[in-house]
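Working notes for the structure below.
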Amino acid sequence: MLTEVSEGVLIDIRAYPGSKRNEIRGIYDGALKVSVTQQPEKGKANNAIRKQLAKYLNVKISQVDLISGETNSTKKFLLRNIKIQDIKKQIESLETH
């Protein structure tokens, strides 16, 4: 789910657009589950996921880039200029719930 690369950290996301609320829902099949209220049209849901990730992981939205899965529910985002250990604790807390 997390892979450290020279630019930062890659994170696997399972997207749930058109949900009742914006939230990080936990871990599903090796990916972070992210629900957003936006519909998957014209990149709106992807942008909402970027905002959720930035907020949840305490990074600037400019540090979060969609790398793959633009039209798929399985996505990969790059978190720029961050170390894997900086976000691991945040993610691991979801696994215990």
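Residue 45 - would you say it is out of contact with any helix residue (DSSP H, G or I) (no Cβ under 8 Å at 6 or more places or on another chain) and small (Gly, Ala, Ser)? Working first, answer last.
Numbers: out of contact with any helix residue (DSSP H, G or I) (no Cβ under 8 Å at 6 or more places or on another chain): yes; small (Gly, Ala, Ser): yes.
So residue 45 fits the description; yes.
Can you find, within segment 56-85, the residue that is farthest from residue 25 (Cα to Cα) among those that are among the basic types (Lys, Arg) and surrounded by 13 or more Cβ atoms within 10 Å (Cβ to Cβ)? If you could, list the steps in order and put the result at the bottom.
At the first step, the residues of segment 56-85 found to be among the basic types (Lys, Arg) are 60, 75-76, 80, 83.
Subsequent filtering for residues that are surrounded by 13 or more Cβ atoms within 10 Å (Cβ to Cβ) retains 75-76, 80.
On the way: 75: 15, 76: 17, 80: 23 Å.
The extreme case among them is 80.
Rundown of residues vs (1) aliphatic (A, V, I, L, M); (2) under 17 Å from residue 90 (Cα atoms), yes/no style:
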{"position": "1", "(1), (2)": "yes, yes"}
{"position": "6", "(1), (2)": "no, no"}
{"position": "21", "(1), (2)": "no, no"}
{"position": "57", "(1), (2)": "yes, yes"}
{"position": "60", "(1), (2)": "no, yes"}
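So, residue 53, is that one buried (at least 19 other Cβ atoms within 10 Å of the Cβ) and modelled with pLDDT under 95 or not? So that I can check it myself, show each step before the final result.
Values: buried (at least 19 other Cβ atoms within 10 Å of the Cβ): yes; modelled with pLDDT under 95: no.
Judged against the criteria, residue 53 is not a match.
I'm checking my understanding of the structure. Among residues of segment 23-44 that are over 16 Å from residue 93 (Cα atoms) and buried (at least 16 other Cβ atoms within 10 Å of the Cβ), which one is modelled with the lowest pLDDT?
That would be 40.
The values are calculated or read from the model by the stated rules, or taken from the named source; none is laboratory data. Being a predicted model, the structure only gives us computed values, none of them experimental. Reconstructed Cβ throughout: ideal geometry from the backbone, glycine too, with neighbour counts over all protein chains shown.
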